[in-house]
1. Which translational diffusion coefficient, to the nearest whole µm²/s, is obtained for the stretch 355-448 from the Stokes-Einstein equation, given a Kirkwood hydrodynamic radius over C-alpha pairs, 4 °C and 1.567 mPa s?
2. Work the Kirkwood hydrodynamic radius out for the stretch 80-140: mean of 1/r over every pair of different alpha-carbon atoms, inverted, in Å.
3. If Lys and Arg each add +1 and Asp and Glu each add -1, what is the summed charge of the other residues whose beta carbon sits under 14 Å from the beta carbon of R694?
4. On C-alpha positions alone, give me the angle between the axis of helix 622-635 and the longest principal axis of the chain, in degrees, nearest 10.
5. How large is the translational diffusion coefficient of the stretch 4-235 in µm² per second when you combine the Kirkwood radius over alpha carbon pairs with Stokes-Einstein at 25 °C and 0.890 mPa s?
6. Could you work out how much longer the chain between V302 and E440 gets when fully extended? Use 0.36 nm per residue separation minus the Cα distance between them, nm to one decimal.
7. Could you grab the relative contact order for the stretch 569-699? Cα pairs under 8 Å, six or more apart, rounded to a whole percent.
8. Treat every Asp and Glu Cβ in the stretch 526-645 as -1 and every Lys and Arg Cβ as +1, leave all other atoms uncharged, and give the resulting dipole magnitude about the Cα centre to the nearest 20 debye.
Amino acid sequence: MTIKRFETDFGDKKLIIECGRLAPQAGAAVTAQIGDTTILATATMSKEARENIDFFPMMVDYEERYFAAGRIKGPRFIKREGRPSSEAVLTGRMIDRGLRPLFPQDLRNDVQVICLPLSIDYDNKPDIVAIIAACTAVHISNIPFDGPVAGVRVGMVNGHYIVNPTMDEIEYSDLHLVVMGDGERITMVECSAKELNDKDTKQAFTVAMEAIGPIAKFIDDIRTEIGLKKAAGEELIFKNEWSSEDQKVIGEIKAAAMPHLDKFLFNTPKGSKEERKEILTDLEALLINEFKTKLTLPERDVEATEEYLKELITGFFYKFIEEQVTSAILEKDQRVDGRKLDQVRPLIAEVGILPRTHGSALFNRGETQILSVVTLGAPGDDLSVETMETDGNKKYFHHYNFLPFCVGEVKPIRGAGRREIGHGALAEKALRPVLPPEEEFPYTVRVVSEVMGSNGSSSMAATCGSSLALMDAGVPIKKSVAGIAIGMASDGKRWKILTDIQDLEDGPGGMDFKFTSTRDGITAIQMDTKTRGLTIDILDSAFIQMRRAINEILDTMEKTIPKPKEALSPYAPRIIYFMIDPQKIGDVIGPGGKVIRAITDELDLQIDINDDGMVLITSTNADNAKEAEKIIKELVRVVEVGEIFDEAEVVKIMSFGAFLNLTSGTDGFLHVSEIAWERVEKVTDRLKLGDKVRVKVTRIEDGKVDVSANVLLPKPEGYSARPRRRGPRSGGYRKDRKPPRKKPRTQRR
């Protein structure tokens, strides 16, 4: 086995690609290394195709391995890596979106790319290393691929762009931009930003493309030296390998369909997705009826001809329609619903539509409809997140659900898939920059966006719905955030930018460029394309139309609810929070959690205590919350000399005095001589268990508290104080007596 090693500069670090050491039976395998972060990527293509599929079957999997980070997975009984974390799913989706447009889309051989982290150094994030490894593995493999491409991350700290920032730099960065491309064109974008203005965001793309170019060339040089010959001929299986007779019939059907397109495609009164489906079905039926008699042959009766035409039309018709939609846009600026190229569909925004939830909103943009619902929870309701790299907690999270009815389909419901996780994460990322800090709003916030109808960028509608619902819930977000999807029609030479794309406008030659923003700047971007990639000119035009659309959507949202509601829903829990001495936390919790559990069980509420001493009491009953606050403050109350307690309860009586409960955690000792000014022979003559006595703290020593009752009473006339003997309360002895002599150690038992 020959091992090849290649090195190049990547920012201020070294990028090392190695081939030939691992996974010799994979189609192609490489390891990419930056610092000590090392990722194995493999690319393998099947020799056979699956039947009856109408898409290019590629899978990209990012498989977490905790050993790479020197960690053992929890919890206690589950140590094997199982279902991938959301972060792993998002990394896999990111690589997929950057690679997919560069494969032949009618290829039907299965292609699988697997990224396997082998070592992580906590300085260089593994996702960029995985992107580079995957790009290299695919490019040097035998799989048809229009590469090379590479990936890079760009950050911005204190106004300065940083290529390939470290994890510490990312934490303080105002920008987190990941781009895939070849230096001239971009195939994938994933971005989060802290309201970065459009100019600085666009400049970051330029910085990214300048950094990508040399890495893409480096990958291409590796292929030149060790790349496999790309598969061709019988090794590949393509969709619809039509015979010459089939191609002739297809040409005739297309020609016959052209005169009908204005009526069937561009003249729909409502322009709805369902209406277009019905009308196109009618057009298919018209074409079948027109051709079934023409094509009937002796060996093929009318019924067989009809089946043949249905199969033929199914194979090419939808793509043909998308091509005609693209052509109409490029040649006549004509869209299927009659809109202008930069026009947003009708907008409707409503809030407070659900009676018992903590916050709700319904957002409509054309046929895309999102119901977003906010639930406020206690700090302890936060989401625990465990990944290969780190553990943590999230106080804000967004879940996106896409059920079959929203597109008029009937399918089994299998839970959230990769698409739902990706769309939910995008809308979550969009709102993070405007959320209040935890010390101002300590609630855990969950937003759920239910897709009620989908025809174009439901994830961006979910962003708008989330923003509205958070304001309706009274979450003090800083500003409204809106989202829009910008598309493109292109034929390889010409291109035009489209605002607010829908069904037929996201075909070959298109893109889905999603932006979320406040009026002041970008909060998130996500882009994938069905072209070879986007140039800077396309990027600039997309930004211009995005900004106009975002402001229009924000106008509608702000008319509905201009700022967060002042009061929370009456059904939302209330949180009381205050600070205690961190050293007193144990007093509140009690042995084995006994004290805090007794409070929560009795008052039916939740108590969370941070390490810094912040106590947070969450309850839907305000009186119970105040009672819990009173109890906890009593538990941690620090008794001071001179403090007066009006109702100190007698809890224990001794021959020489009594113990009185001052606070939940502190008793004071009342000596018999301090009960009254006159002589008291027996403590029980004046006190019994349960009596309430008014006392004053006179001394605190070594944690022991002495109190007096007589100092709060009028002193009798001519009273002369008698010296008090030190008794068993303090463990001392009279000064005029010597302590008993201890026995020798050998005689003690």
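Each reported figure results from applying straightforward, stated rules to the coordinates on display, with no laboratory input. Note that the coordinates shown come from a computational prediction; the quantities given were computed from them, not determined experimentally. Cβ placement follows ideal geometry from the backbone for every residue including glycine, while neighbour counts extend to all protein chains displayed.
1. Numbers: Rh = 15.2 Å.
Calculated translational D: 85 µm²/s.
2. Taking the inverse mean of 1/r over all distinct Cα pairs, the stretch 80-140 comes out at 13.1 Å.
3. Details: positive: R686, K692, K696; negative: E643, D646, E647, E649, E674, D691.
Computed value for this residue: -3.
4. Tilt relative to the chain: about 50 degrees.
5. Numbers: Rh = 18.2 Å.
Approximately 135 µm²/s, per Stokes-Einstein.
6. On the way: separation 138, 0.36 × 138 = 49.68 nm, distance 7.43 nm.
Here the answer is 42.2 nm.
7. Details: 204 pairs, mean separation 28.6, N = 131.
Reported relative contact order: 22 percent.
8. Values: 15 positive and 21 negative charges, 102 e Å.
That gives the stretch 526-645 a dipole magnitude of about 480 debye.
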